[in-house]
């Protein structure tokens, strides 16, 4: 006789009185497959925990975003934000779709070159570019987005010995009505610093000012802020046209578009409050179109969108290590991944689903990671079914930042698996081993032996 | 361990304690355990009965029962004699 499926005994006190206006929310629907590939099979084959990336979702999200802008404006160019996820396979999907590369360090720059991106289609952002980095970017005709005067002076000095022009833009920071203002990067618009930098560049023969750049913030809940930013960049471009008779090739609105993740402290779910890609596109393109540029002088709009293009395409699969009861009666569930792999759990209340069927009962619980550190909390409070040891869970929308900001701390990093357009799985990054970590250590001879 | 004999349990797992006025919900296995306790069964007997009927190891049931009994005690549904 086949035995029945076991579920641990569970009892819950029923409380009357005040209730959440949305009712009790449970993240209960099991996610048993991703792009048609069973979660159980992925874990059996590649281990737990394991990151999964959907090529299909990346391409669809990208196409949707491109459509939102291109149906409104004739000249649009996306540049893939390497820091958001610089796995070569992910970058190359975006490059295949037509994205340039947007990098913020020489490491990322080398990655883009190594991926085959032409030098003149790499945007080099960031506050730290060495003289050697700048030289390489000039030689490759990359777009150098100058962040501060020290960089401008360094580049000006460097160009004395180079027999070609550097293609540059400046990063502009500004008040867009969203606070705090991100003024640590670039030159300020309101106090005239940006205009000052522009004039210095325009007076240099070997610096070719081709564009203007801004990046007004991250997870921007207001599309209108982009309208203000676009207007201020257009204003600068217009002044450049008037004073220096120079037409800029592009304005770069940077990134900062939201994904549907829910920020910690947010009363409403992320998906319910974020602007759509069409909202952002409408705010930016209508501002530029209505600014007053002649038709043949319309600048290309460059977008460095990262999070909004990749978050939905990433999942983290994991397993339950143990369940226990805390001293105050709360249920605690320990998972085999923690903040070491899920860096964004510091910012988001990630949606987490069970990967197998359960009964309709659910309980409130804390989700802890496996680290022997008190900070390792994935969700402070979540309602999930009655999880048991070895059950699997699926964390949603982890494509942005986790695979670049993850930490090798206490545990080593796991495999990353890509599901291609045909539903085939590929390991796109191997898991780390003891040898991976030990390879870079050097032990002085006098510390090699001991007796205890 | 002795269950409060007054408590009422419905077929759907709704529990009412007339002494305190509190109500609770429990799952299928929780109901079974409470019925066993009402019948005066020992924890060992409950573990054996569950492992015979369900696909689970005894040590898992033992751990889960320990937690369940603790919750029943906290909710004043059982009286533990130590």
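Tabulated results
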quantity	calculated
Chain A, relative contact order in percent, only Cα pairs under 8 angstrom and at least six apart counted	19 percent
Peptide B:68-74 - average C-beta neighbours from other chains (10 Å radius)	3
Average partner coverage of B:22-29, which counts Cβ from other chains inside 10 Å	6
R0 of 25 Å, Cβ-Cβ distance residue A:181-residue A:132: FRET efficiency to nearest 0.05	0.20
Value of [θ]222 nm, deg cm²/dmol, for chain A, DSSP H segments ≥ 4, -39500 (n - 2.57) each, nearest 500	-8000 deg cm²/dmol
Stokes-Einstein D for the stretch B:2-77, Kirkwood Rh over Cα pairs, 37 °C, 0.692 mPa s (µm²/s)	256 µm²/s
Average silhouette area of the stretch A:233-293, convex hull of alpha-carbon atoms, in square nanometres	5.4 nm²
log₁₀ of I(q)/I(0) at q = 0.17, 0.24 Å⁻¹ - the stretch A:37-94, Debye sum with one point per alpha carbon	-0.71, -1.03
Rg [Å, one decimal], Dmax [Å, integer] - the stretch A:365-452, C-alpha atoms	18.4, 57
Long-range tail of P(r) for the stretch A:292-451 (Cα pairs > 18 Å, %)	68 percent
Extension reserve of the residue A:449-residue A:13 stretch, reckoned as 0.36 nm per residue once the Cα distance is removed	151.0 nm
Test item: A:325-334 mean partner chain Cβ contacts at 10 Å	1
FRET efficiency estimate (nearest 0.05) - Cβ-Cβ, residue A:150 to residue B:62, R0 56 angstrom	0.25
Packing-based order for A:185-192, A:288-295, A:307-314, using average beta carbon neighbours within 10 Å, highest first	A:307-314, A:185-192, A:288-295
Residue A:164 versus residue A:294: modelled label distance in nm, points set 7 Å from Cα along the beta carbon direction	3.0 nm
Where labels lie 7 Å past Cα in the beta-carbon direction, separation of residue A:435 and residue A:324 in nm	3.5 nm
Ranking of A:226, A:28 by count of other Cβ atoms within 10 Å, fewest first	A:28, A:226
In nm, spacing of pseudo-spin labels at residue B:79 and residue A:356 (7 Å Cα→C-beta vector)	4.0 nm
Packing rank of A:32-39, B:8-15, A:214-221, where each peptide gets the mean count of other beta carbons within 10 Å, highest leading	A:214-221, A:32-39, B:8-15
If the convex hull is drawn through the Cα atoms of the stretch A:56-311, its volume per residue in Å³	124 Å³
Proxy reagent accessibility, fewest Cβ within 10 Å first, across A:203, A:105	A:203, A:105
Relative frequency of Cα-Cα separations exceeding 40 Å in chain A, percent	29 percent
Gain in span if fully extended, residue A:221 to residue A:375, counting 0.36 nm per residue against the direct Cα distance	52.7 nm
Likely footprinting exposure, A:410, B:78, fewest C-beta neighbours within 10 Å first	A:410, B:78
Packing rank of A:67-77, A:170-180, A:48-58, where each peptide gets the mean count of other beta carbons within 10 Å, highest leading	A:48-58, A:170-180, A:67-77
Relative contact order [Cα under 8 Å, 6+ residues apart], the stretch A:56-311, whole percent	20 percent
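We did not get these values from a lab; they are worked out from the coordinates using the rules stated. On a predicted model such as this, the values are computed, not experimentally measured, just so you know. Cβ coordinates were reconstructed from backbone atoms using ideal geometry, including for glycine residues, and neighbour counts include every protein chain displayed.
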